[in-house]
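Right, one structure below, let's go through it.
The values are calculated or read from the model by the stated rules, or taken from the named source; none is laboratory data. Keep in mind it's a predicted model, so treat the numbers as computed, not measured. Using ideal geometry, Cβ is built from the backbone for each residue, glycine included, and neighbour counts are taken over all protein chains shown. Surface areas here come from the heavy atoms of the whole protein model, side chains and all, with no ligands, DNA or RNA. Shrake-Rupley method; radii C 1.70, N 1.55, O 1.52, S 1.80 Å.
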Amino acid sequence: MTTPYASEAFLHQILAKAHAANASDVHLKVGRPPGARVRGEIVYFRAEPLEPKDTEAVARLILAQRSGALASAPSFRELDVSYEVPQLGRFRVNMYVQRGSVALVMRVIPQACPSFDDLKLPQQVRALADRERGLVLVVGHAGHGKSWTLASMIAHIVATHAKHVVTIEDPIEFMHEDGRSSVSQREVGVDTDSFPSGVRSSLRQDPNVLMVSDIRDEATMDAVLQAAETGHLVLSALNAPDPERAVGRLLSMSSNLHETRERLAECLQAIVVQRLLPRADGDGRVVATEVLLGTSSVRLALKRPEQSVSLRELMERGGASGMHTLAMDVQRLVKEGLVDADASRHAIMNV
C-alpha cells in the first residue's frame, strides 16, 4: 500500500510548516497526526493519524540520505541521525521503536549558527570560549538549548582565533565553515566508531579545541578529562539540572571516585547551566543561566566536599568572580521584563 509519506516533497512540506511555526521538534508516531513542539507545547497538524507504513516510509527517506541506498526495512530499535532539507535546514533525528512501530522525533536546527547575542548569553560564556585549556561543561535538561550554546562557542572561536577545532558529535548538528580557525567535524558511527575513540584519535590531530557533544559513559568521561589535562580546551554537554548533580552524574560513571574528583577539580574551568523560560510577551523563550567557575574555592569543594561549603553557596557568594545561581539570573530577567514572576517561580521550583 502506498503512502504520501514516501514522498520527499510531502515530508518536506510538513517540516516547512513546523519550521514556519518556530517549532523546536517534529513528532511522528503511529496513532497520532504529525505533531510539533511550539513554545514548549506539542500541537498536532490537521491530518489523519499516522499508520506504521507512514512512519516506516519517513525512516526510509532519512536513512536513504544517510546511506545513499534504500534499506528494505528499518532494522533498529533506536538510532540518531541527521537529515538535511535544501533551502530549509537540518534536523537532528531520533528514530525509535515503540509498540512494534517506528516513531521519530526531528529536532529543528537553525540554518545559521546562533551567536552569543542571538542567545543573549552572559559575558562569562564568551570569556570561557576564549580560554586556552581546561573543561567547560554546558548542562541542563534535554531540549533547553545546550547544543546551541556549544555551537555559539565554536562559532566565536572560529571567527576570532587561529586554531584547529575538532568536534565529535552524534549526530553532527550545526555545520561550521572554516574561518580564522580550521574546523574538523566528525560524526559517531560515520567518521569515528565512538566518542572515546574519536576523542583519543583527535589528540593526534593537533587540536587546540575539542567539542564533544555528550558525555554518556566512563570511557568518554576519561577521554574528555585526559584531553583537558593535556592542555586542550574541551567543551561538552551533560544532562543535569545544576552543577551539583552534573558533578554527581560524572562521579556516578566513575569506578574510582577519589581519582575522578581530583582530575575534575584540576581541569574544570566552568559549569554553565541553562534553562529556557517562556517570554513574558509570549514570543518564544529566553535562556536563564547558572555559572560555576573553577576558582580555588570551587576546586577545593570538588576535591574535599566534606571540608568545604556547597557549590551552590559558592555560586551565591561568587558574584565578584562572575558566578551566579539560576534564581539570581531569573530575578534579573523578571526585572528586565523578559519573564513574569509566576513563570520564573515555577521554573525554579521544577529544577
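Per DSSP H run of at least 4 residues, take -39500 (n - 2.57); add these up for the chain, divide by its residues and hand me the 222 nm value, nearest 500 deg cm²/dmol.
Details: 13 runs with 131 residues, N = 351.
So the calculated ellipticity at 222 nm is -11000 deg cm²/dmol.
Counting only lysines at least 8 places from LYS29 when in the same chain, those with an alpha carbon closer than 21 Å to its own are LYS17, LYS53.
For the chain, modelled as a Gaussian network with Cα springs under 10 Å, which listed residue fluctuates most, VAL30, VAL108, VAL330? Most flexible of the set in this elastic network: VAL30. For the chain, DSSP calls about 60 percent of its internal beta bridges antiparallel. Shown for region 148-207: the carbon plus sulfur share of the solvent-accessible area, taken with all protein chains present and a 1.4 angstrom probe, equals 47%.
For every other residue with a beta carbon closer than 13 angstrom to the beta carbon of CYS267, add +1 if it is Lys or Arg and -1 if Asp or Glu, then tell me the sum. Summing Lys and Arg as +1 and Asp and Glu as -1 gives 0.
Out of the DSSP beta bridges found with both residues in region 89-245, what percent are antiparallel (nearest 5)? Present the calculation step by step, with values, prior to reporting the outcome.
Details: 9 of 31 bridges.
If we restrict to bridges inside region 89-245, about 30 percent are antiparallel.
About the Cα centre of the chain, how large is the charge dipole given +1 on each Lys and Arg Cβ and -1 on each Asp and Glu Cβ? Please answer in debye to the nearest 20. Numbers along the way, then the final one.
Values: 40 positive and 43 negative charges, 75 e Å.
Magnitude of the dipole: close to 360 debye.
Bridging of LYS163 to lysines at a Cα separation below 24 Å is possible for LYS146, once same-chain residues fewer than 8 apart are set aside.
Only one residue of MET315, GLN226, HIS258 has its Cα farthest out toward the positive end of the dipole of region 217-346, where Lys and Arg carry +1 and Asp and Glu -1 on Cβ, and that residue is MET315.
What does the charge count around GLN307 come to, taking other residues whose C-beta lies under 13 Å from its C-beta (Lys +1, Arg +1, Asp -1, Glu -1)? Neighbourhood net charge equals +3. Rounded if a/c is under 1.5, else prolate if a/b is larger than b/c, else oblate: which is region 1-52, with a ≥ b ≥ c the root eigenvalues of its Cα gyration tensor? Cα axes put region 1-52 in the oblate bin.
Ranking PHE91, PHE76 from most to least accessible surface, computed with a 1.4 Å probe over the protein chains only, gives PHE76, PHE91. Rolling a 1.4 Å probe across all protein chains gives SER82 an accessible area of roughly 20 Å². For a test of the definition: using alpha carbon positions, the gyration tensor, and the 1.5 limit on a/c, classify region 144-187 as rounded, prolate or oblate. Cα axes put region 144-187 in the oblate bin. Per residue, the accessible area of the chain comes to 47 Å² when a 1.4 Å probe rolls over the protein heavy atoms.
Only bridges whose two residues both fall in region 198-351 count here: according to DSSP, what percent of them are antiparallel, nearest 5?
On the way: 10 of 14 bridges.
Just about 70 percent of them are antiparallel.
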